[in-house]
1. Which of the residues that make up the stretch 15-45 are in contact with a Phe, Trp or Tyr (Cβ under 7 Å, 6 or more places away or on another chain), farther than 17 Å from ARG57 by Cβ and modelled with pLDDT of 95 or more?
2. Could you please find all residues in the stretch 52-61 being surrounded by 10 or more Cβ atoms within 10 Å (Cβ to Cβ) and of a type in the set (A, V, I, L, M)?
3. Specify the residue that is nearest to THR53 (Cα to Cα); the eligible residues are those in the stretch 1-40 that are aliphatic (A, V, I, L, M) and surrounded by fewer than 12 Cβ atoms within 10 Å (Cβ to Cβ).
4. Would you check which residues across the stretch 53-66 are over 10 Å from the mean Cα position of the chain (by Cα) and under 12 Å from ARG39 (Cβ atoms) and list them?
5. So TRP49 ticks every box in (1) touching a Lys or Arg at 6+ places or on another chain (Cβ under 7 Å); (2) surrounded by 10 or more Cβ atoms within 10 Å (Cβ to Cβ) but one. Which box is left unticked?
6. Of everything in the stretch 31-52, what is within 19 Å of GLN3 (Cβ to Cβ) and either over 12 Å from the mean Cα position of the chain (by Cα) or in contact (Cβ under 8 Å) with a residue 60 or more places away in the chain (or both)? Give them in sequence order.
Amino acid sequence: MTQPLKKFKSGSIEAAVWSNERDVKDSNTKVEFKTVSLRKSWKDDKDVWRDATINLRRSDLIKAILVLEKAQEELFLGDG
């Protein structure tokens, strides 16, 4: 199994950076690109570990950060 280039963890949240390759269409070359997987783990009601993972490309990261910051602002600064 392929291993990530790097992992970052804070509590039950983990991000991993992956190296990927793709064949260039109509060419005999490959292009390398990196992605990030974001995972949250938790125990369910039956004490079984579960997790959910989303995979993000470089252009998705700033959008994810933006919407998470806005959600955080609402939680901490919103009405009630």
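The values are calculated or read from the model by the stated rules, or taken from the named source; none is laboratory data. Computed from a predicted model, the values in this text were never measured in an experiment. Reconstructed Cβ throughout: ideal geometry from the backbone, glycine too, with neighbour counts over all protein chains shown.
1. Answer for the stretch 15-45, where residues must be in contact with a Phe, Trp or Tyr (Cβ under 7 Å, 6 or more places away or on another chain), farther than 17 Å from ARG57 by Cβ and modelled with pLDDT of 95 or more: just SER41.
2. Across the stretch 52-61, the qualifying residues are ILE54, LEU56, LEU61.
3. Filtering the stretch 1-40 for residues aliphatic (A, V, I, L, M) gives 1, 5, 13, 15-17, 24, 31, 36, 38.
Next, from what is left, pick out any that are surrounded by fewer than 12 Cβ atoms within 10 Å (Cβ to Cβ): 1, 5, 13, 24, 31.
Details: MET1: 17, LEU5: 17, ILE13: 10, VAL24: 27, VAL31: 24 Å.
So, considering only residues that are aliphatic (A, V, I, L, M) and surrounded by fewer than 12 Cβ atoms within 10 Å (Cβ to Cβ), the one nearest to THR53 (Cα to Cα) is ILE13.
4. None; the set is empty.
5. Unmet for TRP49, out of (1) touching a Lys or Arg at 6+ places or on another chain (Cβ under 7 Å); (2) surrounded by 10 or more Cβ atoms within 10 Å (Cβ to Cβ): (2).
6. Let us first name the residues in the stretch 31-52 that are within 19 Å of GLN3 (Cβ to Cβ), namely 32-39, 41, 51.
Selection gives GLU32, PHE33, SER41, ASP51.
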